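The values are calculated or read from the model by the stated rules, or taken from the named source; none is laboratory data. Keep in mind that what you see is a predicted model, and the values were worked out from it rather than measured. Cβ coordinates were reconstructed from backbone atoms using ideal geometry, including for glycine residues, and neighbour counts include every protein chain displayed.
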Amino acid sequence: MYYMIKNFIVPLLVLVISAAFLDPFMVLMPESMVYGLLALLFVVFVAYALLVWRESAHDEREVLHRAIAGRIAYIAGSATLVLGIIYQAHYLHHVDSFLIGTLVIMTVAKYLGHMYAEQCC
């Protein structure tokens, strides 16, 4: 039960804290609160990354579920970046280099992760 709660609450905290930054005019969140939430977002994300990194599968079915979830997350993230690139190129006539860099990092990390998994496991 504890495992399921922490695996639900920590990602939920990452989402809620991240959503707080969607206030474009900082009406709901004064600037003084931004720095505190940035630090909290960093800490909660590190906790979430550690949870994902340390989780282990106990049988083949769990390994398959983790692989499927990883693929879905990768495709959703990269598709969102590609749509952002298309939107910015078409409507803004300028593509933010952060989108390109993030897509490149995701793609290279996926490839390197695949190569690492083939070598070690």
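Looking at segment 43-75 only, could you name the residues that are within 18 Å of the chain's Cα centre (by Cα) and surrounded by fewer than 10 Cβ atoms within 10 Å (Cβ to Cβ)?
Hits for segment 43-75 are 53, 54.
Quick check: anything in segment 46-54 aliphatic (A, V, I, L, M) and touching a residue at least 40 places away in the same chain (Cβ under 8 Å)? Walk me through how you get there before you give the answer.
Here is the first cut: in segment 46-54, the residues aliphatic (A, V, I, L, M) are 46-47, 49-52.
Keeping just the survivors that are touching a residue at least 40 places away in the same chain (Cβ under 8 Å) gives 51.
Within segment 46-54, one or more residues are aliphatic (A, V, I, L, M) and touching a residue at least 40 places away in the same chain (Cβ under 8 Å).
Look at residue 73 and say whether it is assigned to a helix (DSSP H, G or I), under 18 Å from residue 8 (Cα atoms), modelled with pLDDT of 90 or more and not assigned by TED's automatic domain parsing to the domain that holds residue 7. Break it down stepwise before answering.
Working: assigned to a helix (DSSP H, G or I): yes; under 18 Å from residue 8 (Cα atoms): yes; modelled with pLDDT of 90 or more: yes; not assigned by TED's automatic domain parsing to the domain that holds residue 7: yes.
Criteria met by residue 73.
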